[in-house]
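Here's the structure, in structure tokens; my notes come after.
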Amino acid sequence: MVTKQRLSVLQHYEELCYSICIYLVRCDKLAAEAAKNTLLQLAACDAFFAAADTEQKLLLRKESIRCSLEALKARINTAS
């Protein structure tokens with residue numbers, strides 16, 4: 001899949017990704033960071049682009065949760 005197509009797929013999921021992240025972290029700045037990291041991770045994942053729509057959503061949710069928790073963890077570590 002070429003880069004333009006990958007970007008198009010990622011743009012399709014951008015709003016869902018941010019929605020998941022903001023729900024988990026409850027902070028615009030952290031949610032934006034987590035969503036950015038999620039999309040960057042998925043951009044490099046060939047399995048994501050090869051998957052069907054429902055599987056892509058599942059992968060997106062899993063990565064959004066992981067990146068949101070990482071953002072919260074980093075925030076806690078810097079606050080200490």
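Descriptive notes on the structure:
- With every protein chain in place, the chain: carbon and sulfur % of accessible area (1.4 Å): 56
- Applying 0.36 nm per residue to the separation of R61 and A79 and subtracting their alpha-carbon distance, the gain on full extension is 3.8 nm.
- About its Cα centre, the dipole of the chain is roughly 220 debye, where the only charges are +1 on Lys and Arg Cβ and -1 on Asp and Glu Cβ.
- Taking 7 Å steps out from each Cα toward its Cβ at L72 and K36 produces label points 2.1 nm apart.
- Accessible surface calculations at 1.4 Å, restricted to protein heavy atoms, place the chain at 68 Å² per residue.
- Here the simple spin-label model places points 7 Å from the Cα toward Cβ, and for Y23 and K4 these points are separated by 3.4 nm.
The values are calculated or read from the model by the stated rules, or taken from the named source; none is laboratory data. Being a predicted model, the structure only gives us computed values, none of them experimental. With ideal geometry, Cβ positions are generated from the backbone for all residues, glycine too; neighbour counts draw on all protein chains shown. Just so you know, the surface numbers come from the protein's heavy atoms only, side chains and all, with ligands and any DNA or RNA stripped out. Shrake-Rupley method; radii C 1.70, N 1.55, O 1.52, S 1.80 Å.
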